[in-house]
Amino acid sequence: MSDLSDKLKSLGVKIGAQEVTTPLKPASMNSSLELALGGGSLVTPLGETYVVEAHYPYGQAHGRSRLALDASRIVLAEWAREPRLAEMGTSNFAFLDTETTGLSGGVGTYAFLIGVARFEGEGLHLAQFFMSDPANEPGQLAALEEFLAPCQAIVTFNGKAFDAPLLLTRYLTHGWQPPFKEMTHVDLLPLARRLWRDRLPSRTLGMLEAHILGADRSEEDIPGWMIPEIYFTYLRTGDPSPLKSVFYHNAMDVVSLVALMEHMSLLLDDPEGLGSEHGVDLIALAKLYEQMGNQQAAAQLYGHGLDHEDVRTEKMPRSAQLQGLHRLAAIYKRKGDWSLAIELWEQAAHNQDLDAHIELAKCYEHVYKNISTAAGWTQTAITLVVEGTALSLDGQPLSLYDRRQKLSQLEHRLERLEKKSQHGN
């Protein structure tokens with residue numbers, strides 16, 4: 001069926017908080033789960049749930065990162081605009097990921113598996129709360145609330161857009177507020193997009209695991225798009241065997257969250273350490289520092305990124321290089337360091353960047369009062385537009401519409417400069 005609610009109803013599930021019923025399953029359901037997954041039943045004041053737990057030693061390697069929170073979180077806290085993050089203890093963080101019956105959200109979508117981890121004692125404690133029967137959802141949510149009780153911050157990957165709203169709906173459906181409502185929420189996906197947009201084809205957690213953390217999953221893993229159907233099949237047949245791959249997938253998502261946060265914290269705290277392997281990463285970090293208001297650190301990172309071997313070997317995307325040149329030039333421009341800004345604009349201009357030509361023309365006209373040089377840069381820009389070789393800041397050729405617009409503006413500028421030259425101004 002195309003509608004998720006209809007699919008649940010076909011299995012005997014009623015949508016809503018009350019009177020939830022489920023299809024018939026063998027009486028040995030829990031024992032079958034124990035054989036397939038380990039774990040066991042957990043009784044809460046609001047009913048039963050099923051939980052699978054695992055413990056990882058503190059500092060255990062996960063690819064190139066570790067299951068630890070040793071790095072300074074000062075810059076991470078500044079980026080997230082959550083000062084408390086920098087001072088929180090390791091045990092105050094909870095790492096959460098859900099597996100759901102669909103991606104549409106709303107009251108008809110269930111989080112049938114909630115994986116959550118926190119540091120306690122000598123390591124990381126992972127608990128996976130499984131809704132083996134939709135009627136047991138209150139017990140699942142109560143168990144999650146108890147697990148989160150010692151924590152002050154929740155860490156997710158796209159959780160602000162998906163996991164948190166979904167769980168909020170599930171708690172509200174049963175008539176109580178979610179336990180994480182007052183917790184600091186750190187969603188690592190927006191930061192991942194900022195840091196690796198120009199280097200990776202996508203910023204999925206799996207992509208970051210492979211290319212940033214260097215962590216590999218076993219053949220036991222399963223694509224996320226298959227997970228809802230596996231759960232529906234379990235509801236229909238009572239066979240938990242295929243769920244083992246779902247639990248593995250969820251566990252790796254949660255564990256990778258821990259390693260990714262530690263890696264990001266280290267990267268932001270020492271960008272020229274972890275970030276120095278790729279010039280494009282230095283440019284991305286420079287933009288991040290610039291937008292956080294640290295112009296000095298940004299300028300240094302832009303400079304090192306533009307001097308990186310990746311530029312000389314043409315491994316850096318042209319868009320990243322042009323953005324780095326323009327952003328660093330803009331910093332020098334604001335400081336009045338025109339000679340340094342001109343040097344950067346000239347580098348961009350040699351890469352057919354149209355905006356660099358315009359900046360040079362403006363600078364020579366208004367700062368140095370050199371009308372002939374300003375006219376020369378304007379004429380070169382016109383030639384690039386006419387020949388169709390002018391590039392925008394993203395390193396791509398201009399569209400026909402943009403070429404027409406720019407040509408009109410440049411011709412008007414050139415006409416004005418020629419008049420100024422004739423009048424000796």
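The values are calculated or read from the model by the stated rules, or taken from the named source; none is laboratory data. Just so it is clear, the model here is predicted, and its values are computed rather than measured. For neighbour counting, all protein chains shown are included, and Cβ atoms are generated from backbone atoms with ideal geometry for every residue, glycine included.
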Determine, yes or no, whether A127 is farther than 19 Å from T101 by Cβ, in the same structural domain as I227 (by TED's automatic domain parsing) and over 26 Å from the mean Cα position of the chain (by Cα).
-> no
When K315 is run through (1) outside any helix (DSSP H, G or I); (2) in contact with a strand residue (DSSP E or B) (Cβ under 6 Å, 6 or more places away or on another chain), the failure sits at (2)
If you scan the stretch 130-170, which residues turn out to be among the aromatic types (F, W, Y) and either part of a loop (DSSP other than H, G, I, E, B) or within 16 Å of the chain's Cα centre (by Cα) (or both)?
-> F157, F162
Please verify whether the stretch 228-248 includes one or more residues that are under 13 Å from E209 (Cα atoms) and surrounded by 20 or more Cβ atoms within 10 Å (Cβ to Cβ).
-> no
Hits in the stretch 183-207 (condition: under 8 Å from the mean Cα position of the chain (by Cα) and either charged (D, E, K, R) or part of a strand (DSSP E or B) (or both)) | D187, R193, R194, R203
Exactly one of L235, L257 is over 20 Å from R194 (Cβ atoms), hydrophobic (A, V, I, L, M, F, W, C), assigned by TED's automatic domain parsing to the domain that holds S72 and assigned to a helix (DSSP H, G or I), and that residue is L235
Could you list, in sequence order, all residues of the stretch 137-165 that are modelled with pLDDT of 95 or more and farther than 19 Å from M261 by Cβ?
-> E137, P138, G139, Q140, L141, A142, A143, L144, E145, E146, A149
Which condition breaks for P179 when tested against (1) assigned to a loop (DSSP other than H, G, I, E, B); (2) surrounded by fewer than 20 Cβ atoms within 10 Å (Cβ to Cβ)?
-> (2)
Hey, could you check the stretch 384-425 for residues that are at positive phi and over 32 Å from the mean Cα position of the chain (by Cα) and say which is surrounded by the fewest Cβ atoms within 10 Å (Cβ to Cβ)?
-> G424
